[in-house]
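For reference, the structure discussed in these notes is given below.
What follows is calculated from the coordinates using simple rules that are stated; it is not laboratory data. What you see is a predicted model, and the numbers here were worked out from it, not measured in a lab. Because the Cβ atoms are built from the backbone with ideal geometry, glycine has one as well, and the counts that use them run over all protein chains shown.
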Amino acid sequence: MHYSPYSERLPDGQYQALLKRILDSGFAVPTRQGPAAMTLMQQTMHFDLANGFPVITERSIRSFWRKPIGELCAFINGATTLDELAEFGCDWWGAWATEKKTAARGLPPGDLGPGSYGGAFHHFPALEAQGGFDQFRHLVEQLRELPNDRTHFVSPWIPQYLTRGAGKTPKATIAPCHGWVHVRVIDSRLHLHMFQRSGDVPIGVPANMVQYAALLLMLEHLTGFEAATYYHTISDAHIYADQADAVRILLEREPRALPTVHLNAAGRQVTDIHGFRAEHFDLADYDPHPAIASIPVAS
């Protein structure tokens, strides 16, 4: 990855502009989580990585920026339980795997279900593949073998496990919100578009920006194609009513230049998509505004 010198990078206000659009023009809708939400459909940001890696600067996330990468690594490796996620440093999924949520879906305690991210990414149901289809292994293989194809695609959605309604029992405690990934090689450079069906923009989306931009760096390392651009589309972009005060604070802050994220020496030794871990990534040139003590998280 070839970053421009930090002093030459332009401030990036895309995330802040997204927050403002939702707060100013969003539609108030009821939610399963309790608080109403202001919602806008089809919102896209795009980041030329030469201008910096998309770690938000409107508030500091220095203390946890690596954790979303660990979460994606867990999902790539097929983690579907709290114990498996904990092996990758993910300790925040308990609210989505309570006994009430798992029992309602016929799942063991602490199990997110085979329809969750890890199940879809690593064990996608397939008659042709005993134990399921490993999407990310095949993504890397296909990029290497057929780089010019337009079919480099990964989906977190297993329809038969996520259907809802009378007489239907989903096989996931939460429907996947992110992780539709389309990769293109154009002019020998990698462009990654991550589509997200639902995004909690104050809390969840900054984590998703980090983890899928990190995926672009993983693919760069494994394929030899330079990482170029990360695109992030949110179909249902929302701010919960109890987050609005914190968002207004973020909107008062001036945009700053984005930082640098690289694979470190240990990360550069990885030869398989399943081998990456959060600690393989290092952050530099990060000059964010102060953290905000608490922004509510809906579960």
- [ ] Scan segment 91-109 and give yes if some residue there is exposed (fewer than 15 other Cβ atoms within 10 Å of the Cβ), under 20 Å from the mean Cα position of the chain (by Cα), on the phi < 0 side of the Ramachandran plot and of a type in the set (D, E, K, R), otherwise no.
- [x] yes
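Residues of segment 260-279 being part of a strand (DSSP E or B) and either touching a strand residue (DSSP E or B) at 6+ places or on another chain (Cβ under 6 Å) or without any contact (Cβ under 8 Å) to a residue 12 or more places away in the chain (or both), which ones?
Thr260, Val261, His262
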TODO: Enumerate the strands (runs of 3 or more DSSP E) found wholly within segment 169-259, keeping only those where 1 or more residues are under 20 Å from Lys67 (Cα atoms) and touching a residue at least 60 places away in the same chain (Cβ under 8 Å).
DONE: 189-200, 226-240
Open item on the list: Just to verify a result, which residue in segment 264-299, among those that are crowded, with 17+ Cβ neighbours inside 10 Å and within 18 Å of the chain's Cα centre (by Cα), is nearest to Pro35 (Cα to Cα)?
Closed with: Ala298
- [ ] Considering only residues that are of a type in the set (A, V, I, L, M, F, W, C) and over 21 Å from His178 (Cα atoms), look in segment 1-35 and name the one that is nearest to the chain's Cα centre (by Cα).
- [x] Met1
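Please specify each residue of segment 178-209 satisfying the condition of being more than 18 Å from Phe136 (Cα to Cα), among the hydrophobic types (A, V, I, L, M, F, W, C) and under 12 Å from the mean Cα position of the chain (by Cα). Spell out the reasoning first.
Of all residues in segment 178-209, those more than 18 Å from Phe136 (Cα to Cα) come to 186-189, 197-207, 209.
Now narrow it down to the ones that are among the hydrophobic types (A, V, I, L, M, F, W, C): 186, 201, 203, 205, 207, 209.
Of everything in segment 178-209, those that are more than 18 Å from Phe136 (Cα to Cα), among the hydrophobic types (A, V, I, L, M, F, W, C) and under 12 Å from the mean Cα position of the chain (by Cα) turn out to be Val201, Ile203, Val205, Ala207, Met209.
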